Amino acid sequence: MPSKADTRLKFSRELISMTWDPRNLYQLSRKRLFTLKQRTRFQHMWKAKRDTRGYHDANITERQWLRMFKPQLPTLSMKLNDKSSHPNTASLMYACMERRMDFIVFRSHFASSIWMARQLIVHGKVKLNGQKHTFPSHTVSDGDIVSVEPNSVVTLKPNNDSKELRFSALPFQQPWMFIPEYLEVNYNTCSTVFLREPVTRPSTTEVPSPYPPEFHSLAFEYYIRRGRTRK
């Protein structure tokens, strides 16, 4: 039976996932955003919903996501100059997912995929504030510390000359090697402090995504309209 990752990374699905797998990098290289002339407004929204949900997936069903979805996005009060564009708050629709323990383990580069991050947590290799925690979907609070056993970190390998572990980069890892501003990662202790909720600023957003903020706006509009229809 194919694994969850193998199913998600099929080229025919054209989905980008949270993984360092080279197939994912290939999908990213061939990804092309549609133009306004190609499809209807609803088709734009549906595809944006499908693609963004595909990336921010954490083994949750659409019904579960609808319970998590918040139509009220945070508002920001800031002074913009003439050259600044107003922040796209729709990109924060998935910000709540970044508090999940499996997301934090992956964003910290302690695991090569979101699925591996879940396995580490379930198998008791991850601690929350010094206590073993086995629930990948648990959402942390500001200031919480998530730590991983060094022997379980995918990029740490035994040194032949000593018992110390050394960093060993994986193939195709580099494009994903960035740390969000809301995380403080310490690779000496294999731990991460969750500082705060992701925010958005003029011309940029802190929620990692291979898609532009405008794409998230279409996905957000899809769920807003769906909510109105259900009412």
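The values are calculated or read from the model by the stated rules, or taken from the named source; none is laboratory data. These numbers come from a predicted model, not from an experiment. Don't worry about glycine lacking a Cβ; one is built from the backbone with ideal geometry, like all the others, and counts go over all protein chains shown.
Here is the figure for the range 26-40: residues that are of a type outside the set (A, V, I, L, M) and at pLDDT 65 or above total 8. Restrict the check to the range 87-101 and report whether at least one residue is more than 23 Å from Pro171 (Cα to Cα), outside any helix (DSSP H, G or I) and modelled with pLDDT of 95 or more. Taking every residue of the range 87-101 in turn, at least one turns out to be more than 23 Å from Pro171 (Cα to Cα), outside any helix (DSSP H, G or I) and modelled with pLDDT of 95 or more.
Within the range 83-123, restricting attention to residues that are among the polar types (S, T, N, Q) and in contact (Cβ under 8 Å) with a residue 60 or more places away in the chain, the residue that is farthest from Asp21 (Cα to Cα) is Ser84. Cβ separations smaller than 9 Å between residues 6+ apart or across chains give the following pairs from the range 124-140 residues that are farther than 13 Å from Phe194 by Cα to residues that are assigned to a loop (DSSP other than H, G, I, E, B) and among the basic types (Lys, Arg): Lys132/Lys125.
Among the residues of the range 122-173, the one identified as exposed (fewer than 12 other Cβ atoms within 10 Å of the Cβ), acidic (Asp, Glu) and either modelled with pLDDT of 85 or more or in contact with a Lys or Arg (Cβ under 9 Å, 6 or more places away or on another chain) (or both) is Asp142.
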